[in-house]
Structures are given as C-alpha cells and as structure tokens.
1. Relative contact order (percent) for the chain, with alpha-carbon contacts under 8 angstrom and 6 or more residues of separation?
2. Quick one: net charge around Leu154, please, counting Lys, Arg +1 and Asp, Glu -1 for every other residue with C-beta under 12 Å from its C-beta.
3. Under a crude label model (7 Å from the Cα following the beta-carbon direction), how far is Asn140 from Ala123 in nanometres?
4. For the stretch 8-67, report the convex hull volume of the alpha-carbon atoms normalised per residue, in Å³, without decimals.
5. Would you tally the net charge around Arg106, using a Cβ to Cβ cut-off of less than 12 Å, leaving Arg106 out, and scoring K and R as +1, D and E as -1?
6. How much accessible surface does Ser144 have with a 1.4 Å probe, in Å² rounded to 10?
7. How large is the accessible surface of Met28 in square angstrom, using a 1.4 angstrom probe and rounding to the nearest 10?
8. Using a Gaussian network model on the chain with a 10 Å cutoff between Cα atoms, which of Ala21, Ala42, Ala101 fluctuates the most?
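The values are calculated or read from the model by the stated rules, or taken from the named source; none is laboratory data. In this text the structure is predicted, and so the values were computed from the model without any measurement. Cβ atoms come from the backbone with ideal geometry, glycine included; neighbour counts cover every protein chain shown. Keep in mind that these areas ignore ligands, DNA and RNA; they rest on the heavy atoms of the full protein, side chains included. Shrake-Rupley method; radii C 1.70, N 1.55, O 1.52, S 1.80 Å.
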Amino acid sequence: GSDDASTEGLVSSIEAAVDQALADLDAMRVREGGHLQADLDARRVQVGALVEAIARAADDGRAAVEARVHTRVRELQLDAAVEPAVLAQEIVRLAQRSDIAEEVTRFRAHLEHWEALTASPEACGRKLDFLLQEMNREVNTMGSKADGAKASELVIGTKAELERMREQVQNVE
C-alpha cells in the first residue's frame, strides 16, 4: 500500500524534475543559439564590409600599377625595338592579373547563400563550414592578385575574421 504510493510519488517527482531539466536545457540552447546567430550575423556583415574594402583597395592598387606601366611605356616608346602589339598585350596581362572582380562577385554570392542558410529552420552547421572554406579560398585569391599594402592588410583581417566565424560555426548544428 503505502510503499506503492511513496514509489509513485517519487517516480512522479523524478519525472517532473526531468521534464523541468529538459525544458531548461531547451531554453538555454535557444538562448545560446540566438547569441550564436547574432554573433555570426555581425561577423558576416563585417567580412562583407572587409571584402568591399579589399575591392576598393585593389582598384587603387591597380590604378597605381597602371600609372607605373604608363610611365614605363613612355620610357619604352623611346626604344624603337619594342613593338606596340607586344606592349599592349603586356598591359592587358598586367591588368587581368590584378583584377579581383570575379572573386568579389563569388564572395558576395557566398554571403547571400549564408543568409539563406541561416534563415532556414534546417540544421546548417556543415554547410556553413563548407561555405566558410569557399569564402576563405576567394579571399586567398584576392590576396594573391590584389596590389598594394592596404589590400594585403585587409585580406589578413578578413582571413582572421573568417577563422573566428569558423570556430563559432563548430557550435552550430
């Protein structure tokens, strides 16, 4: 009799405690998830701004290279042995080598993809990790192509921010 009643009471208390612990755990995970998303959103905006700054710095660097090339062309024009077609090809090659427009465009697309993934209710941790690898690859290419110390400095800052994002994404399901 009374042993059954006290056992039922104990089981009922344990069930209530477990239910409360699970509810508390769920609430904590929702709070943590909210903080994590806010942090990653802020970092996403930050790397977007950094890449736009890299694009501007690369344009400035390319303009400086073009100015140096034009000066060199004027010097070479004094040397009759240089063919204009060869010179033109060399100028085009230099301009293409430092153009990061494609990488910037792909990076922007990765940021849009990021927003779509994080807005979705589905688990996206693995996809975000992969996307960060792609973003890092684009930034590395920008760094190897862009001219100028400012662009290099921005690339280093962007890579550091992407690494911090990657550490945070390890906590995303």
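1. Working: 119 pairs, mean separation 58.0, N = 173.
Computed value for the chain: 34 percent relative contact order.
2. Working: positive: Arg56, Lys150, Lys159; negative: Glu52, Asp60, Glu153, Glu161.
Every neighbour counted, the sum reads -1.
3. Rounded to a tenth, the inter-label distance reads 2.8 nm.
4. Values: hull volume 2.6 nm³, N = 60.
Residue-normalised Cα hull volume stands at 43 Å³.
5. Neighbourhood net charge equals -3.
6. Taking all protein chains as shown, Ser144 has close to 90 Å².
7. That residue has around 80 Å² of solvent-accessible surface.
8. Result: Ala21 has the largest fluctuation of those listed.
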